[in-house]
Every structure is written in C-alpha cells, then in structure tokens.
Amino acid sequence: MMPFPVTTPGSRQTPPAPKHCGISSPISLAAPRETDCILTQKLIETLKPFGVLEEEEELQRRILILEKLNSLVKEWIREISESKSLPPAVIENVGGKIFTFGSYRLGVHTKGADIDALCVAPRHVDRSDFFTSFYDKLKLHEEVKDLRAVEEAFVPVIKLCFDGIEIDILFARLALQTIPEDLDLRDDSLLKNLDIRCIRSLNGCRVTDEILHLVPNIDNFRLTLRAIKLWAKCHNIYSNILGFLGGVSWAMLVARTCQLYPNAVASTLVRKFFLVFSEWEWPNPVLLKEPEERNLNLPVWDPRVNPSDRYHLMPIITPAYPQQNSTYNVSVSTRTVMIEEFKQGLAITHEILLSKAEWSKLFEAPSFFQKYKHYIVLLASAPTEKQHLEWVGLVESKIRILVGSLEKNEFITLAHVNPQSFPAPKENPDKEEFRTMWVIGLVLKKPENSEVLSIDLTYDIQSFTDTVYRQAINSKMFEMDMKIAAMHLRRKELHQLLPNHVLPKKKTQSTEDVRLTALNDSSLDLSADGGNSMSVPSPPSAANTGPVTGGNGHAPAVVAASGTNVQVIEVSSQQASPSDSPGGASSEGVPQTASQPALSPLPKPVITRVVSSTLLVNHPARPSGSAATNIANPIVGV
C-alpha cells in the first residue's frame, strides 16, 4: 500500500455518492447526455497542449520520490527515538509519515509543479529536531539539491529539490506515541494539545482531504478543476496574495458546483460553475459543509462573533476545523474583476454549448493592456539577485494594501492589478541592478459639472511605500539600494516600459495638440486640450516645490515639502470604461522631465521612497473603511 494518496490516470477512487453532499440539496440530478460527454472529450483534447495533464512516466517518478522521502522520515524518526532511549518495542512501531496536500493531493498538479508535503511525527520528536537532524540528513542525500530551511515563517518549512522535483515540507508533531499507517488527519481529536504552528501545518492536509471527501465524483471534480484553474491563470485572476483566489479557493468553488450538480460531467460542470458564481449573492459565504464547533478554543470564521469577519467581501470557508475564510485578501476591485470574468465565462460556455465556439476560446487571455486608459506602474529594484528575490516577495505581498487605498479614492472606480510581473528596464545600463514591475489598471470617475479631474495619489503611494519599508526594516531584511517607485502611464505610453510581446500592435501615436508648460524649475503641466490631472510622488532629489496647479487654473492638487517633488500629469477628460477601444479620439501626452525643452520619450523611471514629511493640501476626505454588505444571516449559502 502506498504511504500517501496518489492518483493514477484511469484509476477510479470515487466512493459511492451519498444522498447529497453539501449544506443544501442538489439543483439538478440530471444524468449526462451524449452531447455532454462529447463536449467533455473535446475539453480534454483542448487542455492537453497547455500541459495541465501529466504523463504517466512523470507521475510514477513523483510517486517514487515521495516513497524515498517517506522512507527517510521513518528512518530519521527511528534514529531520534533511539537517541532519546525509547523502549525497543516502541521504536519498532514508532512510524512517522509523509502526507501530501495542495494540487498534488487533489490530483490536479501540472507538469513540473512542486509538491506540498507534511512530515507527521510522534510526540517525542521536536520541531527543533526537524530543522536540525532531519535537515542534516537531507543534506547528505545525493538527490537533494537547493536545500533551505525557513524556520521563522508563519508556517515553518524546509524547501528542497529532490531529483529535479521541488518539494516544500512542513512539520507537525502529534500528541501520539506512534504514528499509524492508516492515520486519518481529518480526525479533529488530533488537534488537542498541539501548538499553533502544528495546527497551521496540519491545516493544508485536513482541508484538502475534506474537499475530496465532500465531492460526489472525484474524477469529474478533478477534470473540472483543471479547466477552471487554467482559465483563471489565463485571465490573470489566479493569485491569493494580490487579492484574487488561490488554488484552494478555486478548488472549493468547483467542489460546491459538483455538490449542486452531482451527476454532471466536466463540460456541464464548467458551464454551471460560471452560472452559479456569476449570480452568487456575495458576501454570502460559500460552504461545503455546516460549520461544527469542537470546543478546542481555536479561532474560527464566524461573523456573528467576530466583527472583522463581517467585512470579508467574498468569503469561501474551508471545510476543516478550525474553519477559516480563504479569501480574506479579496478587495472591492478584485471581486468586481472576478465577477465580470465569471459572466464572460458563462457567455463563452453558452456559445460552446450551441457549437458557436470551441473550448479554446475560454482560455484566450484578455488584453489587460488594452482594457484601461490609465495605469499605475510599480517598480521594485535591488542591487543583487538574492536581495531582489526577497524584496520583490515583500513588495508583492503588500500591493493589495495600495489597491485598497486606491479604491477609497472618490474618483477611482476600479483598481485592477495584473498578477503577472515583468522585468523592468535598467535605470543605469552600466550598474548591476535587478528590477521588477507590476501594472495596475485604473477606471476613473468623470467629475460632474467639470471637464477637469485632479487626483492626488501622493498619500496613497506614500502609505504603501512606508508600509513596505517599515516591514523590511523590522524584519531586518532591508538593505541599501532596495527601492520602490510608482508612476502614472496612459495606455499608449505602456510600450516605453513593457516588453513588446505583452502589448498588442498599435498605431503610431500623434503628438499634435500637446502643449508643454514649465510651471517652475521642478514640475510640469502636460495637457492635451485640457483634462484631468493625476499627482504621483516624484524623486526626493528634485528641488522643493510650492503649490502645483493643474491646467485651466484650478486649485492646487498638492503641496510637497522636505525634498519631495510632485509631478502633475494631465490626462484626457474622456474617461474610458474597461471596454473602451484602444483607438480613442483624444490625443495623449507623454510625461517629460523639466530639463527637456521638447517632447521626447518617457524618461527612465527613478526609484524612490516617498519621505514621510510630505504635506497634502486640498486633499479629499478619506473614508475610514468600507464595510461589506450587511449579512442578514452570516452562515447562509446555497
């Protein structure tokens, strides 16, 4: 018997379906028609070129690697037991086991994907043993490369590459003398007397196992989830850290769809997925089972008890105790973007059902860089590759804070961050520097009774950069020359920073009707037949400025002091919705530096930290927060 659950193509591990799964009765028990089966086969053929279906040879390789790792764990635990003078009878049966979770355990991993694993040990094996003697044992293994321990992480982990497969190993010590081979981690009594780090480590396996236990047909669930995950990645809405959904959240949405249509095949389930969640009345939670109380005094998601849970916009609740909301990062903008994508997916699958489109249309990526008229580009740089890797991880984890601030601006309707990052051009070609950028699309609200909109983003950018720098310093990660900056670009200016392959071909832009007026030595007014202004922080190396006035003689947008300059960029008053065509009629100016006497390409972006002493005037009042819609009955779902 395998020491861990695996999936082999063609195998059917589906138990007999219960009367119904989930917290409500199914919507339909209809059996699949012949056309549904044909569409499902076409879906499988469409998925193959995307590499989401692993070959049998590669799967067997993973199984072999996990068997070797499982043997190493058992051997290590026996050695620890002997060193702690346990009785021979106990040592003989002490056990220890590697469990898997995440995409591999769900059976939806892709080619080359990593494996999430959990090392479960008996009570006499400490976490310190895992990060010392087990780490040393792995170091001596010839097939192990790139070994590194992250002991201080929220969920401590050992990362390694075992025979070419990347593996993340968590650790949990149970209050048991031995670890039996048939241990079921879904047993809530295992959580008694455990420290919080062990509970967190167990959570991934417990949630994954519950999901598989709660779907009526595992094979149909897996194929549907493969399709939905690929669709989400193609449409740039697969990222928990940036406020979209991560793998476990997508799995729970697909599992709920399977519960509502227990006899449907994958082609039907994909269509019903879009139907259900394009019409879902958020913030009503998605639940796979009724929450249960275990009296273990662990915090669980419950808006009746926890006021902060009432602000969650798109709650998807994990089925294992302690129940948590897996989507607490979702913001107003990311939820809006995802719901719109659900509706588009429903329309496309309806066309597929009517034979008016092929499955490939569902996986066509939308043109993010044609969708909006205004963008904010965030740039992060560091002098070495190692520092850059850490710096980018920190900056990316905080971008949702900036999106949240932008959403509260009364003139910003939507702030859509693209989860894909891009290498940024070097500021100095002769200097060793590693740079990454992210792009946020903006939808602006046209002001009433005015042709001019002045938006001041200095406070938002400053708050974001201060947060990042503060955490970097507190965690002792910060190094000199780790920098961040933000800049505003229009759609037609993106080509000056982004790689050509991500942008559609464009017509040559005209510079007619663009006028340049120097307001003083350190700021510019760029206008295109009058319009809106957007204020963003500029380098502190520039001279101090007095009040900066937007075009048409309107009130100043910002006053900057203590070495912080502000650049005011005039933008067209003809605001574009996300569906606006790229070939708008208005001319769009190109930002310039004060030293440039004439129009020229966008200056190389300067990375800077906004100093904390920037003073804002005429700044619109900012709401303290936006609550989600009131939940009449917070534990309601369909």
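Exposure check, 1.4 Å probe, all protein chains in place: Cys21 carries approximately 10 Å² of accessible surface.
Seen from every direction in turn and averaged, the convex hull around the alpha carbons of region 383-514 projects onto 10.4 nm².
Solvent-accessible area of region 37-103 (1.4 angstrom probe, protein heavy atoms only): carbon and sulfur portion equals 55 percent. In a shell of Cβ-Cβ distance under 10 Å around Gly22, excluding Gly22 itself, what net charge do Lys and Arg (+1) and Asp and Glu (-1) give? Summing Lys/Arg as +1 and Asp/Glu as -1 gives +1. For the listed peptides 139-146, 244-251, a ranking on the average number of other beta carbons within 10 Å per residue, highest first, reads 244-251, 139-146. Full extension of the chain between Asn193 and Thr110 yields a length gain of 26.2 nm, computed as 0.36 nm times the residue separation minus the alpha carbon distance.
Taking 0.36 nm per residue of sequence separation and removing the Cα-Cα distance, the Gln41/Ser360 pair yields an extension gain of 113.5 nm.
At a probe radius of 1.4 angstrom, the accessible area of region 215-362 per residue rounds to 34 square angstrom.
Let's test the formula: R0 of 45 Å, r as the Cβ-Cβ distance of Glu451 and His501. What FRET efficiency results, to the nearest 0.05? That gives a FRET efficiency of 0.75.
When each of the peptides 204-212, 303-311, 289-297, 407-415 is scored by the mean number of other C-beta atoms lying within 10 Å of its residues, the order from highest to lowest reads 204-212, 407-415, 303-311, 289-297.
Placing unit charges on each Cβ (+1 for Lys and Arg, -1 for Asp and Glu) gives region 56-211 a dipole about its Cα centre, and among Gly112, Ile65, Ala153 the Cα reaching farthest toward its positive end belongs to Ala153. In a reduced charge model with +1 at each Lys and Arg Cβ and -1 at each Asp and Glu Cβ, region 354-437 shows a dipole moment near 340 debye about its Cα centre. Normalised by 2.2 N^0.38 Å, where N is the number of residues, the C-alpha radius of gyration of region 318-465 stands at 1.31. Once the Cα-Cα distance is subtracted from the 0.36 nm per residue extended length, the Ser308 to Lys159 segment shows a gain of 50.3 nm. The Cβ shell under 12 Å around Ser333 holds other residues with a net charge of +1, Lys and Arg each +1, Asp and Glu each -1.
Over every Cα atom in region 215-362, the radius of gyration and the widest Cα-Cα span, Dmax, amount to 15.7, 55 Å.
Modelled this way, with points 7 Å down the Cα-to-C-beta line, the labels at Glu34 and Lys84 are 6.4 nm from one another.
Note on Glu293 and Thr384: the model spin-label points, each 7 Å out from Cα along the C-beta direction, lie 5.4 nm apart.
Taken about its Cα centre, region 56-211 carries a charge dipole of roughly 360 debye when the Cβ of each Lys and Arg holds +1 and the Cβ of each Asp and Glu holds -1.
Decide, for region 87-219, between rounded, prolate and oblate: order the square roots of the alpha carbon gyration tensor eigenvalues as a ≥ b ≥ c, take rounded if a/c falls under 1.5, and otherwise choose prolate if a/b is larger than b/c, else oblate. Oblate, because a/c is 1.5 or more while a/b does not exceed b/c. Amide H to amide H distances under 5 Å link Asn329 with no residue, where only residues 5 or more positions off or on other chains count and H is placed in the peptide plane. Net charge near Pro283, counting Lys/Arg +1 and Asp/Glu -1 over other residues with Cβ under 12 Å of its Cβ? Around Pro283, the charge tally is 0. Rolling a 1.4 angstrom probe over the protein heavy atoms with all chains in place gives region 65-185 an accessible area of 43 Å² per residue.
The values are calculated or read from the model by the stated rules, or taken from the named source; none is laboratory data. These figures come from a predicted structure and were not determined experimentally. Positions of Cβ are backbone-derived with ideal geometry, glycine not excepted, and every protein chain shown enters the neighbour counts. Accessible surface is based on the protein model in full, side chains and every heavy atom, while ligands, DNA and RNA are left aside. Shrake-Rupley method; radii C 1.70, N 1.55, O 1.52, S 1.80 Å.
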